[in-house]
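Q: Just passing along the structure, written as structure tokens.
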Amino acid sequence: MATAPRKLVAGNWKMNGLRASIDEAVRVADRIEGENTPDCDVLICPPATILAQMGWRLGDSAIGLGGQDCHQDKSGAHTGDLSADMLADVGAKYVIVGHSERRADHHEDDATVRAKAEAALEAGLLPIICVGETESQRESGDAYQVVIAQLVGSLPQEGKPETIVVAYEPVWAIGTGKTASPTDVEQMHAVIRKVLVERYGEIGEGIRILYGGSVKPDNAAELLAIENVDGALVGGASLNAEQFVAIIQAA
Ligand code: PGA
């Protein structure tokens, strides 16, 4: 069996955070310094408006920065959108693409998500490609079929696959306090791993698969110990330094 990739604990701040909130990220950085340096990669994806300033404040801390979305084009007439190059230009190393909130609120389909992932790779960013079923899809027994189809449709066809990250986030677990059972997580992550290996061969073994959906300090250790769970994508709990640090320490 291939050695497991280094874990990644990523915070997705969503549409939360003004400049003053950067202090919270600085608190996280202070807590994971020196002998408390975690044995995993740590990432915060703040709103793009504070990304550059957060980068300056964090300096050379252990925290990487990422965007929450990017447009699939390099530049052009797309009012309100941001390109992957723009995010890279202000210090982002990663970008989330295809989050279920964007799939729902902005009608993003798999082809769009794939184009965004390819744009991210071209800009030198690591795309975090999100997939996940809704509650009714799980209840009707279609969870695997839905997630496999989303993944196959959203994975980049161009660019270096070594740097992609996949996040499995059951929609019904996001922000609800409900999490998938360890058995469900293990089975879904195994299926995702299989798809990645089928697509990319050996490289697929090393692609990180994050779990997301109500990851909290009290369930992080159990979730992060599951086979093929190579980290977590954390929403609500990443807004609080204390809670985010506890999740990082569980990895
Ligand atoms: P949550 O969000 O941790 O608040 O459930 C996770 C996500 O949407 O990435």
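Nothing in this text is a laboratory measurement; each read-out follows from the coordinates by a stated rule. Just so we're clear, the structure is a prediction, and the values are computed from it rather than from any experiment. Positions of Cβ are backbone-derived with ideal geometry, glycine not excepted, and every protein chain shown enters the neighbour counts.
Q: Multiplying the sequence separation of LYS74 and GLU158 by 0.36 nm and subtracting their Cα-Cα distance, what value in nm do you get? Write down the numbers at each step before the final one.
A: On the way: separation 84, 0.36 × 84 = 30.24 nm, distance 1.51 nm.
Roughly 28.7 nm would be gained on extension.
Q: Here's something else I'd like to know. State the extension gain, in nm to one decimal, for the chain segment bounded by SER136 and GLU122, taking 0.36 nm per residue of separation less the distance between their alpha-carbons. Display every interim value, and only then the final one.
A: On the way: separation 14, 0.36 × 14 = 5.04 nm, distance 3.58 nm.
Length gained between SER136 and GLU122: 1.5 nm.
Q: Once you charge only the Cβ atoms, +1 for Lys and Arg and -1 for Asp and Glu, what is the size of the charge dipole of the chain about its Cα centre, to the nearest 20 debye?
A: Details: 21 positive and 37 negative charges, 47 e Å.
For the chain, the charge dipole is close to 220 debye.
Q: Report ³J(HN,Hα) in whole Hz for each residue of region 35-47, in order, from the Karplus equation J = 6.51 cos²θ - 1.76 cosθ + 1.60 where θ = phi - 60°; Gly and Pro get x.
A: For region 35-47, the Karplus-derived couplings read 5, 8, 4, x, 8, 7, 7, 10, 9, 10, 10, x, x Hz, x marking Gly and Pro.
Q: Fewest Cβ neighbours within 10 Å first, please rank ARG199, ARG138 accordingly. List each step's numbers first, then the result.
A: Numbers: ARG199 16, ARG138 20.
Fewest to most other Cβ atoms nearby, the residues stand as ARG199, ARG138.
Q: Okay, next question. Counting only Cα atoms, I'd like the Rg/Rh figure for region 14-122, Kirkwood definition for Rh. Could you put the intermediate results ahead of the total?
A: Values: Rg = 14.8 Å, Rh = 14.8 Å.
That ratio equals 1.00.
Q: So for region 163-226, considering every pair of alpha-carbon atoms, how many percent are separated by more than 15 Å? All intermediate terms of the calculation are to be shown ahead of the outcome.
A: Numbers: 1029 of 2016 pairs.
Everything past 15 Å amounts to 51 percent.
Q: Amide H neighbours of ARG208 under 5 Å, at least 5 residues apart or on other chains, H built in the peptide plane: list them.
A: VAL166
Q: Per residue, how big is the convex hull around the C-alpha atoms of region 5-72? Give it to me in cubic angstrom, could you?
A: Numbers: hull volume 6.4 nm³, N = 68.
Cα-based convex hull of region 5-72, divided per residue, equals 94 Å³.
Q: Report, in whole Å, the centroid distance computed from the Cα atoms of region 26-49 and region 151-189.
A: If you average the Cα positions of each part, the centres end up 22 Å apart.
Q: Follow-up question, since we're still on this one. For the charge dipole of region 76-146, defined by +1 on Lys and Arg C-beta atoms and -1 on Asp and Glu C-beta atoms about the Cα centroid, which residue among GLY124, VAL113, VAL95 has the Cα displaced farthest towards the positive pole?
A: About the Cα centre, the residue reaching furthest to the positive side is GLY124.
Q: Please report the base-10 log of the normalised intensity I(q)/I(0) for the chain, using a Debye sum with one equal scatterer per alpha carbon and no solvent, at each q in 0.16, 0.17 (1/Å).
A: Results for the chain at q = 0.16, 0.17 Å⁻¹ read -1.18, -1.35.
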